[in-house]
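The values are calculated or read from the model by the stated rules, or taken from the named source; none is laboratory data. Just so it is clear, the structure is predicted and the values come from calculations on it, not from any experiment. Don't worry about glycine lacking a Cβ; one is built from the backbone with ideal geometry, like all the others, and counts go over all protein chains shown. The area values use the complete protein model at the heavy-atom level, side chains included, leaving out ligands, DNA and RNA. Shrake-Rupley method; radii C 1.70, N 1.55, O 1.52, S 1.80 Å.
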Amino acid sequence: MERVNNTLLTAFILTGIPYPLRLRTLFFVFFLLIYILTQLGNLLIFITVWADPRLHAHPMYIFLGVLSVIDMGISSIIVPRLMMNFTLGVKSIPFGGCVAQLYFYHFLGSTQCFLYTLMAYDRYLAICQPLRYPVLMTAKLSALLVAGAWVAGSIHGALQAILTFRLPYCGPNQVDYFFCDIPAVLRLACADTTVNEMVTFVDIGVVVASCFFLILLSYIQIIQAILRIHTADGRRRAFSTCGAHVTVVTVYYVPCAFIYLRPETNSPLDGAAALFPTAITPFLNPLIYTLRNQEVKLALKTMLRSPRTMSEV
């Protein structure tokens with residue numbers, strides 16, 4: 001690593017994730033397929049929700065369409081840069097590119113966190129208060145909630161980027177990670193990072209913990225309501241509407257908590273854990289929601305079988 005005294009850095013070098021050199025091509029092809037399938041799967045979900053009036057009339061599917069956009073964004077920000085780790089040459093990223101990557105990752109990641117909370121609240125209203133659901137969760141309200149999630153996510157991302165890059169970076173310039181994230185970048189700052197680490201822990205901790213608490217509270221109420229359903233078929237259908245959401249929330253929150261909500265370490269497991277919210281979860285979301293949702297599968301089949309039918313519905 002080269003140390004440049006009294007000179008601010010103009011670029012960072014991403015070391016990527018460790019891997020056996022003989023598997024370079026295999027990993028490149030694997031993540032290329034992951035990226036392509038992520039974009040195609042989420043784009044297909046978004047188009048299906050947008051094209052089918054029966055879907056985009058329901059808040060749950062509006063949220064699902066927005067989630068697809070976020071997943072495409074996160075995947076595009078991280079995975080192409082990750083793939084460069086499996087090519088020859090130095091993996092440098094301009095200083096401005098590092099700032100942008102950190103901002104957009106935390107912007108979209110926190111927006112996704114808020115969106116998962118809205119989806120849990122939507123399921124709570126649909127199952128616990130089904131008669132009042134059309135009044136409580138209107139299309140206008142769902143649009144306002146989504147807009148609020150975008151705004152809150154943008155503010156969160158801007159706060160993290162400003163706090164991280166207000167510090168001087170004068171060397172070394174080697175980021176021991178596969179993308180520009182807060183813990184890895186802060187290690188290179190030429191100043192005391194105690195305040196940054198504390199603010200990051202509190203800010204991300206508040207977002208993650210409050211969202212997770214609200215989701216948990218919603219599902220406690222949902223489970224209690226489902227257990228009061230007398231028929232086994234009714235309970236099964238109620239659980240099936242929540243199963244996909246519970247799955248993606250678990251896959252998303254556990255790695256994020258491992259990365260950000262623990263004492264500062266430089267564990268090799270950080271990179272493996274970060275692959276879940278950045279590459280694996282965006283890839284799995286379309287599969288999970290499509291395979292577990294009969295209405296989405298029906299709309300997909302209808303659209304793929306006869307595009308004209310969709311335009312006439």
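Restricting to segment 177-235, name every residue that is under 26 Å from Val79 (Cβ atoms) and among the aromatic types (Phe, Trp, Tyr). Talk me through it step by step, then tell me what you get.
Taking segment 177-235 and keeping what is under 26 Å from Val79 (Cβ atoms), we get 177-188, 200, 203-204, 207-208, 211-212.
Passing the criteria: Tyr177, Phe178, Phe179, Phe212.
Residues of segment 205-237 that are polar (S, T, N, Q), open to solvent by less than 60 Å² (accessible area, probe 1.4 Å) and closer than 11 Å to Ile127 by Cβ: Ser218 alone. Which residue is surrounded by the fewest Cβ atoms within 10 Å (Cβ to Cβ), if the candidates are limited to segment 73-90 and must be out of contact with any Phe, Trp or Tyr (no Cβ under 8 Å at 6 or more places or on another chain) and aliphatic (A, V, I, L, M)? Within segment 73-90, the match that is surrounded by the fewest Cβ atoms within 10 Å (Cβ to Cβ) is Leu88.
If you go through segment 157-176 and keep only what is touching a Phe, Trp or Tyr at 6+ places or on another chain (Cβ under 7 Å) and in a helix (DSSP H, G or I), you end up with Gly157, Ala158, Ala161. The lone criterion from (1) modelled with pLDDT of 95 or more; (2) under 13 Å from the mean Cα position of the chain (by Cα) left unmet by Gln112 is number (1). Taken over segment 91-140, residues that are open to solvent by 10 Å² or more (accessible area, probe 1.4 Å), more than 30 Å from Ala161 (Cα to Cα) and part of a helix (DSSP H, G or I) amount to 11.
Here Leu44 fulfils each of the conditions (1) under 30 Å from Leu141 (Cβ atoms); (2) open to solvent by less than 10 Å² (accessible area, probe 1.4 Å) apart from (2). Quick check on segment 248-257. Is at least one of its residues at pLDDT below 75, over 15 Å from the mean Cα position of the chain (by Cα) and part of a helix (DSSP H, G or I)? Checking segment 248-257: not a single residue is at pLDDT below 75, over 15 Å from the mean Cα position of the chain (by Cα) and part of a helix (DSSP H, G or I). Counting only residues that are over 12 Å from Ile259 (Cα atoms), in a helix (DSSP H, G or I) and β-branched (Val, Ile, Thr), segment 180-199 holds 4 of them.
Looking across Leu67, Leu23, Leu55, one residue alone is at pLDDT below 90 and open to solvent by less than 40 Å² (accessible area, probe 1.4 Å). It is Leu55.
Where residues in segment 151-173 are more than 15 Å from Ala184 (Cα to Cα) and surrounded by fewer than 16 Cβ atoms within 10 Å (Cβ to Cβ), which of them is modelled with the lowest pLDDT? By that ranking, first place goes to Arg166.
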